[in-house]
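Just below is one structure, and these are the notes that go with it.
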Amino acid sequence: MSQEAPGRVAVVTGGASGIGLGVVRHLRAAGHQVAALDLQDDALAAAAADLDVLTAQVDVSDRTAVDAAMDRVRSELGPISIIVTSAGIDGNKPFAEISADDWERTLRVNLTGTFNAVQSAVPDLVAGGWGRIITISSSSAQQGAGNRAHYIASKGGVIALTKALSYEYAPLGITANTIPPSIIDTPMSRDSPEMGAHLDAVAGMTPVRRLGTPDDIGAAAAFLASDAAGFITGQQINVNGGWYM
Ligand code: NAD
């Protein structure tokens, strides 16, 4: 059995809250150095104190800021090997009410933000001849759902982008997979006007009879980031308790 190389450098966008924070915890537990990029300064400070991670307050839709944060990670922690993109915003509106601004903002954060983070980090993965790209998409983009066409379109884009990257980078030792969660108990789902009041009902309809947790996603991401997952690429790793939503 080969030993896991210790202390790889991982960047997690949206790493201050919810799923991203769960991923940060699991990557730290696996022995990696981690940088969390997020908009929320206070939550980043808490993560830095609890988990001993580098933090950078960044809007992932701002390419210049993302590039500057990646440069900081390189200079303080070393070359990046693992990039996980969890930064995202929700959207809850009937299709007819989605404004051009809603559409553009959602695409800019969820899809362009993913593009920015991966493209900014990937030269290090290529130079190292080993890398892991893990995107957080959504089961809603696999199944469809009402009243969130902008969100679902952005997450469908994330799934397609990840598949495209898997072909391009597999020969270079880099895998690319997406995790499309169902409903996970995070600030985003609790604040959702559609879902927030119905989380107990969602738990009851889920085959495993509970909501997902950030740790469920973190554990899957840490496995995908490991040497053991080197033959898994281009996949949608469904972490959904058996329920698509
Ligand atoms: P969350 O709100 O707890 O975390 C999202 C984080 O992203 C926050 O810390 C937020 O500050 C950050 N963020 C938002 N916009 C940003 C930007 N422009 N730049 C940098 N950071 C930004 O929500 P979560 O539930 O943990 O969501 C994480 C990801 O999982 C999202 O992409 C979301 O779409 C996806 N997802 C969540 C669920 C769920 O049920 N919670 C289900 C499927 C997919």
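The values are calculated or read from the model by the stated rules, or taken from the named source; none is laboratory data. All values reported here derive from a predicted model rather than from experimental measurement. Quick reminder, even Gly has a Cβ in these numbers, built from the backbone with ideal geometry, and neighbours come from all protein chains shown. Keep in mind that these areas ignore ligands, DNA and RNA; they rest on the heavy atoms of the full protein, side chains included. Shrake-Rupley method; radii C 1.70, N 1.55, O 1.52, S 1.80 Å.
Mind checking which residues of the stretch 31-45 are open to solvent by less than 50 Å² (accessible area, probe 1.4 Å) and among the small types (Gly, Ala, Ser)?
At the first step, the residues of the stretch 31-45 found to be open to solvent by less than 50 Å² (accessible area, probe 1.4 Å) are 31-32, 34-38, 43-44.
Those that are open to solvent by less than 50 Å² (accessible area, probe 1.4 Å) and among the small types (Gly, Ala, Ser): 31, 35, 36, 43.
Does any residue of the stretch 196-204 turn out to be in a loop (DSSP other than H, G, I, E, B) and without any contact (Cβ under 8 Å) to a residue 12 or more places away in the chain? Lay out the reasoning, then the answer.
Kept after step one, since they are in a loop (DSSP other than H, G, I, E, B), are these residues of the stretch 196-204: none.
No - not one qualifying residue is present in the stretch 196-204.
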Subject >> In the stretch 4-30, residue farthest from the ligand (Cβ to nearest atom) [restricted to those that are part of a strand (DSSP E or B) and crowded, with 24+ Cβ neighbours inside 10 Å] >> reply: 10
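Please go through the stretch 19-69 and pick out each residue that is in contact (Cβ under 8 Å) with a residue 60 or more places away in the chain, within 18 Å of residue 135 (Cβ to Cβ) and not small (Gly, Ala, Ser). Please lay out each step first, then the result.
Taking the stretch 19-69 first, the residues in contact (Cβ under 8 Å) with a residue 60 or more places away in the chain are 19-27, 29-30, 32, 37.
Now drop any that are not within 18 Å of residue 135 (Cβ to Cβ), which leaves 19-24, 26-27, 32, 37.
If the condition is that a residue be in contact (Cβ under 8 Å) with a residue 60 or more places away in the chain, within 18 Å of residue 135 (Cβ to Cβ) and not small (Gly, Ala, Ser), then 19, 21, 23, 24, 26, 27, 32, 37 are the ones that fit.
Which residue out of 189, 138 is of a type in the set (Gly, Ala, Ser), part of a loop (DSSP other than H, G, I, E, B) and open to solvent by less than 20 Å² (accessible area, probe 1.4 Å)? Explain how you work it out, then say what you get.
Values: 189 fails: part of a loop (DSSP other than H, G, I, E, B).
Unique residue meeting the criteria: 138.
Can you name the residue in the stretch 46-83 that is among the aliphatic types (A, V, I, L, M), part of a strand (DSSP E or B) and more than 10 Å from the ligand (Cβ to nearest atom) and is also most open to solvent (accessible area, probe 1.4 Å) among such residues?
Going residue by residue through the stretch 46-83, those that are among the aliphatic types (A, V, I, L, M) are 46-49, 51, 53-54, 56, 58, 60, 65-66, 68-70, 73, 77, 80, 82-83.
When the remaining residues are screened for being part of a strand (DSSP E or B), the result is 54, 56, 82-83.
Still in the running and more than 10 Å from the ligand (Cβ to nearest atom): 54, 82-83.
Details: 54: 27, 82: 0, 83: 0 Å².
The residue in question is 54.
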